[in-house]
Amino acid sequence: MTDLRLWSYKDIAAHIRVQPDTVRSYRKHGLLPPPDRVEAGKPFWYAETIRVWVAGRPGNRGRRD
């Protein structure tokens, strides 16, 4: 079953252990996948989208977060 929880910048930051501003910078520089939803101008991603992205990030291929 796919995880359909929506994650904000803060949730993603906690998951990959960085500051929310770092995640915003990743998006600004095209390093983050496009948001799955935008509500009131704020981007959100499904948890599964972020887990797949994390698994494919350079230097994180063996991580199991």
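The values are calculated or read from the model by the stated rules, or taken from the named source; none is laboratory data. Since this is a predicted model, take the numbers as computed values, not measurements. FYI the Cβ positions are ideal-geometry reconstructions off the backbone, even for glycines, and counts take in every protein chain you see. The protein model used for the area step is the full one, side chains on, heavy atoms only, and it has no ligands, DNA or RNA in it. Shrake-Rupley method; radii C 1.70, N 1.55, O 1.52, S 1.80 Å.
Overview of results
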| item | result |
| --- | --- |
| Sum of -39500 (n - 2.57) over DSSP H runs of 4+, divided by residues of the chain (222 nm, nearest 500) | -11500 deg cm²/dmol |
| Cα shape, the chain, gyration tensor, a/c 1.5 rule | oblate |
| Where His15, His29 fall by accessible area, highest first, once all protein chains stay in place (1.4 Å) | His29, His15 |
| Pairwise FRET efficiency - Arg27 versus Leu4, Cβ, R0 = 30 Å, nearest 0.05 | 0.90 |
